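> Structure in structure tokens, see below.
The values are calculated or read from the model by the stated rules, or taken from the named source; none is laboratory data. Computed from a predicted structure; not experimentally measured. Backbone-built Cβ (ideal geometry, glycine too); neighbour counts: all protein chains shown. SASA here: full protein model, heavy atoms, side chains in, ligands and nucleic acids out. Shrake-Rupley method; radii C 1.70, N 1.55, O 1.52, S 1.80 Å.
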Amino acid sequence: MNDDHRTTFVSEAREHITDLNNALLALEDDPTDAEAMDSVFRTAHTLKGNFAAMGFTDASSLAHALEDLLDEIRAGEMTVSSEVMDVTFDAVDRIEAAVAAIEAGEDEEVDVSDTVESLRRTMDHADSEGDRETVTGDESDPAAGVTDDAGGDGAPVDGASGPGDEAAEFAHADAVPAFPGADRVVHARVTVDTGEMPGVEAMFVLEALAEGFEGFELAPSREAIEGGEYSGAFDVFLPDDEPAALAAGLETVGAVDSFEVTTIREAAGESESEDEPPGAEGDAGAGAPAGESEALDVAAAADESPAATDGSGSTPDAGDDAGGDAAAGRDAGPSADEIASVRVDVDRLDELHGLVEQLVTNRINIRRAVEAEEFESAKNSMSDLDKVTSRLQNTVMDMRLIPLRRVVSKLPRVVRDTARDSGKEVDFEMYGKDIELDRSILAEIGDPLIHILRNAVDHGIEPPQEREAAGKPPEGQVELRAKRERDHVTIVVEDDGAGLDADRLRRKAVSEGVLTEEEAAAMPDDEAHDLVFHPGLSTNEEVTDLSGRGVGMDVVHRTVEQLDGSVNVESTPGEGTTFRLQLPVSVAIVDVLFVAVGEQSYGIPIKNIDEITRDDDIEQLHGDDVVRHGDDVVPVVRLSEALDTGNGRGELAADGGSAAGSGPDTGGSAAGSGPDTAASATGGAGRDGIDGLTAGQGPMDRSGGMLVRIRPSEREVALRCDRVQDQEEVVVKPLDGALSGISELSGTAILGDGNIIPILNVREL
């Protein structure tokens with residue numbers, strides 16, 4: 001399989017896994033939901049066909065076993081219980097693991113035998129409880145129950161047809177074809193999930209047979225079958241072969257809806273009656289298989305009605321939106337690896353193509369104008385080029401936007417598993433799933449959402465008995481809401497649980513050495529709630545698979561901060577807790593104000609800046625630098641001290657490293673922006689401009705220094721720098737490797753002249 005086919009297969013398989021998880025959740029919530037039942041069965045059938053068509057036989061057998069179990073539920077032969085759903089969800093997780101192995105290009109498939117056995121055991125248990133007359137054999141082993149021609153008691157096995165049973169009749173053949181010299185003939189009556197293209201579906205079966213067997217005959221002819229001229233089933237006759245071998249070959253073909261394999265005792269008109277076990281005699285003459293065969297029923301799918309399937313065979317369904325990536329099981333959730341592809345509307349591609357054409361035209365015009373020294377014309381072309389590139393930038397950024405549902409569609413499964421493991425009842429609702437975020441943000445936000453939801457269920461929602469004692473309904477409520485607000489998206493996760501115990505958090509912080517007794521006593525409740533984000537701090541006394549290590553909420557805080565977002569928590573004891581995440585729609589391109597500290601330039605995102613003034617009004621309050629703004633007193637952070645620039649090279653103290661590998665010194669200018677300017681900074685977080693942007697002053701001259709006051713919504717602080725340089729739109733890259741531990745920086749910007757400028761994290765300075 002080439003890489004393109006593998007990528008497409010994995011992407012579609014993950015869409016189906018997500019659909020399967022959500023349909024199973026709906027079915028578990030309401031076992032009478034016929035639409036959910038049909039969706040579950042249809043998706044499992046499609047997965048089975050897709051695995052088989054691509055040659056992944058083990059995964060196909062697992063999906064096949066899952067399909068059989070679901071069909072028994074649909075037929076009313078099994079009930080939807082928590083135990084049955086646990087086995088079913090475990091099977092879905094194994095299918096997900098198989099897809100992950102396929103994506104990784106592993107040579108061997110994931111071992112699914114234990115899961116298949118568990119599914120079969122669950123069905124057998126249901127069969128015995130229901131005192132059913134027939135028992136389906138282990139279809140993961142097509143040879144199970146096959147009785148050798150020379151022995152046995154002649155009784156049908158594994159639900160097989162006995163003498164004279166109608167199921168053993170031919171579909172089209174009038175008699176057994178002549179196979180001179182053959183000792184016996186194996187017959188298969190094959191039913192195909194015809195859908196709208198019976199010829200195409202049958203072709204998959206015939207190609208698989210041709211690859212695995214030789215000398216077989218068909219009824220009707222191959223041409224008629226591939227032309228769709230059959231009644232949904234056809235006959236396969238194979239000389240001198242094992243019935244289990246033919247059953248195994250048909251088992252792996254996704255287009256097969258069901259099949260029945262029989263061993264015909266009479267070949268080419270001759271009966272080998274001496275090999276017939278007692279009780280197998282019949283009156284039928286040559287060519288009547290019902291009286292001359294020992295039948296083996298190996299159903300490839302449980303329902304033979306075409307209306308019960310989606311008719312898709314091995315053709316993958318196209319989802320309504322791009323699917324992510326792996327289903328969220330107990331330990332598996334959305335991750336950066338999952339959003340490997342983006343679906344783009346054709347109109348967007350046409351628009352992109354048109355902009356590229358304009359770029360080429362402008363490039364030609366500029367080159368000709370420069371060669372002819374027509375600089376005015378070149379200037380006009382440059383202006384046009386600026387407009388085209390701006391439109392191109394907006395178009396590409398829009399193409400990177402992906403609906404939030406790509407990540408949150410997996411979260412109901414996370415809530416279900418967590419609630420079941422902790423013995424709680426939870427109703428989970430989601431709103432705003434169509435809100436769009438940049439792919440890079442969406443790829444990272446999955447894990448934080450999982451941690452918040454697990455925290456809400458495991459820590460927040462009380463057990464049913466406690467809720468009833470407190471006058472609450474036994475079922476807890478958890479909601480996830482997303483809302484677009486200008487250039488940010490706010491995601492709220494709210495529960496109606498017990499709420500956070502601020503006193504308990506303070507005591508835990510003191511016992512862990514995070515706070516002193518005095519600090520804890522002076523800390524207000526809203527600040528105490530933020531202690532849940534402190535690494536290693538957990539109020540759970542016992543470490544479990546779900547919690548107790550104090551790392552989950554730390555991951556939330558760290559990830560959101562790295563995405564240039566914010567997270568806060570509000571809680572009321574006895575009423576519940578609300579986590580609010582604010583994330584930028586896109587982090588790729590940011591307006592940045594360049595400031596100089598010594599000889600090093602740094603960037604501050606324009607959206608974080610409220611005002612720029614001279615540093616003449618700095619005062620001392622209790623030994624600390626402050627500046628007054630109206631009635632407020634704002635603390636001042638001197639960047640030269642915070643970034644340890646005493647040597648004049650702008651190096652950070654963290655880990656003894658330089659500022660994000662900032663490259664050559666900029667000599668006080670921001671990436672070729674020229675000398676310090678007096679131009680006013682504009683744009684930025686919806687403001688018409690930034691108050692007080694003036695020309696920079698001399699280096700390291702406090703009297704000529706500048707104050708950059710940060711927006712109160714970000715942090716109440718003013719940053720003191722040596723001079724303000726320029727404003728520019730840049731591409732910000734997050735820090736990787738060892739540099740990712742520098743909390744004072746949120747990323748770096750590579751400028752046009754090759755210089756690398758560190759971007760300051762104003763919340764951490």
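> Could you tell me whether Asp331 is open to solvent by 80 Å² or more (accessible area, probe 1.4 Å), assigned to a loop (DSSP other than H, G, I, E, B), of a type outside the set (Ser, Thr, Tyr) and modelled with pLDDT under 50?
yes
> Moving on to the next point. Please state which one of Val205, Val236 is in a helix (DSSP H, G or I) and at pLDDT 80 or above.
Numbers: Val236 fails: in a helix (DSSP H, G or I).
Criteria check complete, one pass: Val205.
> Let me confirm something: among Gly603, Gly598, Gly630, which residue is open to solvent by less than 10 Å² (accessible area, probe 1.4 Å) and out of contact with any Gly (no Cβ under 8 Å at 6 or more places or on another chain)?
Only one candidate passes the filter, namely Gly603.
Residue-wise test of (1) assigned to a loop (DSSP other than H, G, I, E, B); (2) more than 23 Å from Ile750 (Cβ to Cβ); (3) at pLDDT below 50; (4) touching a His at 6+ places or on another chain (Cβ under 8 Å).
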residue: Val587; (1), (2), (3), (4): yes, no, no, no
residue: Val626; (1), (2), (3), (4): no, yes, no, no
residue: Asp644; (1), (2), (3), (4): yes, yes, no, no
residue: Glu651; (1), (2), (3), (4): yes, no, yes, no
residue: Pro664; (1), (2), (3), (4): yes, no, yes, no
residue: Gly668; (1), (2), (3), (4): yes, no, yes, no
residue: Gly672; (1), (2), (3), (4): yes, no, yes, no
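> Taking into account only those residues within region 723-743 that are modelled with pLDDT of 80 or more and surrounded by 19 or more Cβ atoms within 10 Å (Cβ to Cβ), which is nearest to the chain's Cα centre (by Cα)?
Taking the candidates together, the pick is Val730.
> Just the residues that are surrounded by 15 or more Cβ atoms within 10 Å (Cβ to Cβ) and hydroxyl-bearing (Ser, Thr, Tyr), please, taken from region 218-238.
Tyr230
> Assuming Gly55 fulfils every condition listed in (1) over 28 Å from Phe259 (Cβ atoms); (2) open to solvent by 40 Å² or more (accessible area, probe 1.4 Å); (3) not in a helix (DSSP H, G or I) apart from one, which condition is it?
(1)
> What number goes with the only condition from (1) surrounded by 14 or more Cβ atoms within 10 Å (Cβ to Cβ); (2) touching a strand residue (DSSP E or B) at 6+ places or on another chain (Cβ under 8 Å); (3) modelled with pLDDT under 85 that Thr539 does not pass?
(2) is the only condition that Thr539 fails.
> For the condition closer than 20 Å to Ala248 by Cβ, free of Cβ contacts under 8 Å to residues at least 12 places away in the same chain and out of contact with any Asp or Glu (no Cβ under 7 Å at 6 or more places or on another chain), what is the one hit in Glu217, Glu211, Glu223?
The conditions single out Glu211.
> Restricting attention to strands (runs of 3 or more DSSP E) lying wholly within region 371-438, give those where 1 or more residues are among the β-branched types (Val, Ile, Thr) and open to solvent by less than 60 Å² (accessible area, probe 1.4 Å).
401-403, 426-431
> Of (1) over 25 Å from Lys424 (Cα atoms); (2) open to solvent by less than 10 Å² (accessible area, probe 1.4 Å); (3) in contact with a Lys or Arg (Cβ under 9 Å, 6 or more places away or on another chain), Leu24 satisfies all except one. Which?
Looking at each condition in turn, Leu24 falls short on (1).
> Would you mention how many residues in region 487-542 are touching a Pro at 6+ places or on another chain (Cβ under 6 Å) and over 17 Å from Asn568 (Cα atoms)?
So the count comes out to 0.
> Select from region 517-534 the residues that are outside any helix (DSSP H, G or I) and touching a residue at least 12 places away in the same chain (Cβ under 8 Å) and write down the one among them that is least open to solvent (accessible area, probe 1.4 Å).
Going through the qualifying residues, I end up with Met523.
> Between a residue in region 1-25 that is farther than 17 Å from Ala97 by Cα and any residue that is open to solvent by 20 Å² or more (accessible area, probe 1.4 Å), which pairs come within a Cβ distance under 7 Å, given they are 6 or more apart or on different chains?
Met1/Met54; Asn22/Ser409; Asn22/Pro412; Ala23/Ser39; Leu25/Pro412; Leu25/Arg416
> Would you call Arg406 in contact with a Leu (Cβ under 7 Å, 6 or more places away or on another chain), of a type outside the set (Ser, Thr, Tyr) and modelled with pLDDT under 85?
Spelling it out, Arg406 is indeed in contact with a Leu (Cβ under 7 Å, 6 or more places away or on another chain), of a type outside the set (Ser, Thr, Tyr) and modelled with pLDDT under 85.
> Cβ-Cβ distance below 7 Å, separation of 6 or more or different chains: which pairs start in region 598-612 with a residue that is on the phi > 0 side of the Ramachandran plot and in contact (Cβ under 8 Å) with a residue 60 or more places away in the chain and end on one that is open to solvent by less than 10 Å² (accessible area, probe 1.4 Å) and of a type in the set (S, T, N, Q)?
Gly598/Thr645
> Looking at this structure, is Thr32 farther than 15 Å from Glu251 by Cβ, open to solvent by 50 Å² or more (accessible area, probe 1.4 Å) and part of a loop (DSSP other than H, G, I, E, B)?
So Thr32 passes the test.
> Right, something else. Among the residues in region 548-557, are any under 22 Å from Arg711 (Cα atoms) and either at pLDDT below 85 or not charged (D, E, K, R) (or both)?
yes
> If you don't mind, there's one more thing I want to ask. Answer yes or no: is there a residue in region 10-32 that is more than 24 Å from Val408 (Cβ to Cβ), of a type outside the set (S, T, N, Q) and within 24 Å of the chain's Cα centre (by Cα).
Among the residues of region 10-32, not one is more than 24 Å from Val408 (Cβ to Cβ), of a type outside the set (S, T, N, Q) and within 24 Å of the chain's Cα centre (by Cα), which makes the answer no.
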